[in-house]
Amino acid sequence: MSWMMLAAVMFVPALVFGAIWQLFPSPDEPPRWRTFLANRLEHLADRIRPHRPPEYDPFTTLRVQERLSVVADHVRALELDPRTFARAERIIASQLAYDQLLVEACHLAGVEVQPAAKGDPAERFREEVELAARGWAW
């Protein structure tokens, strides 16, 4: 019993002193209770605030359309030039870049991207048709 009393006499004041010491801020950081309270209030504010959809930037759409047209023209030029060095590899790489731009365009236009193998021409055609139906042109 005396060991428990000795431990209580030594540790309880140390814990109280440590808790009080935490209330005083250091010059480098704000007090922990203030950051904890700020985080809790921010979570509460997130629940109360009305959900706003992200702002739409039309220049992002324009940039993706422009890049799609450039990459599509590049693929067409590669397909028409029979003397290009490593032609097949360049066409494949360009088509994969085109597919990535199509996925980005689908996200911007709200088109569902279905899982498919890389370079799947059927999925590429479906995405192109969906984008064209939504008014996209490149």
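Placing +1 on the Cβ of each Lys and Arg and -1 on the Cβ of each Asp and Glu in the chain, which of Leu78, Gln114, Pro50 has its Cα farthest towards the positive end of the resulting dipole?
Of Leu78, Gln114, Pro50, it is Pro50.
Placing unit charges on C-beta atoms (Lys and Arg positive, Asp and Glu negative, everything else neutral), compute the dipole magnitude of the range 1-105 about its Cα centre in debye, rounded to 20.
300 debye
With Cβ to Cβ distances under 14 Å as the rule, what net charge do the other residues near Leu78 carry (K, R +1; D, E -1)?
Details: positive: Arg76, Arg83, Arg87, Arg90; negative: Asp73, Glu79, Asp81, Glu89.
Local net charge: 0.
Where does the charge balance sit around Ala109 when Lys and Arg score +1, Asp and Glu -1, over other residues with C-beta under 11 Å from its C-beta? All intermediate terms of the calculation are to be shown ahead of the outcome.
On the way: positive: Arg134; negative: Glu104, Glu112, Glu127, Glu130.
Residues close to Ala109 contribute a combined charge of -3.
In the range 2-48, with Lys and Arg counted as +1 and Asp and Glu as -1 at Cβ, which of these residues, Ala7, Pro30, Gly18, has the Cα nearest the positive end of the dipole, that is, farthest along it?
Ala7
For Leu23, what charge total do you get from the other residues with a beta carbon under 14 Å from its beta carbon, if Lys and Arg give +1 and Asp and Glu give -1? Working shown, then result.
Details: positive: Arg32, Arg34; negative: Glu29.
Combined, the nearby Lys, Arg, Asp and Glu give +1.
So, by mean Cβ neighbours within 10 angstrom, what's the order for 120-127, 55-62 with the highest one leading? Provide the component values of the computation, followed by the final result.
Details: 120-127: 14.8, 55-62: 9.2.
In decreasing order of mean packing, 120-127, 55-62 become 120-127, 55-62.
Between Thr60 and Gln100, what is the label-to-label distance in nm when each label sits 7 Å out along the Cα-to-Cβ direction?
1.8 nm
Values quoted throughout were computed directly from the atomic coordinates according to the rules given, and no laboratory measurement underlies them. Source: prediction; values computed, not measured. Because the Cβ atoms are built from the backbone with ideal geometry, glycine has one as well, and the counts that use them run over all protein chains shown.
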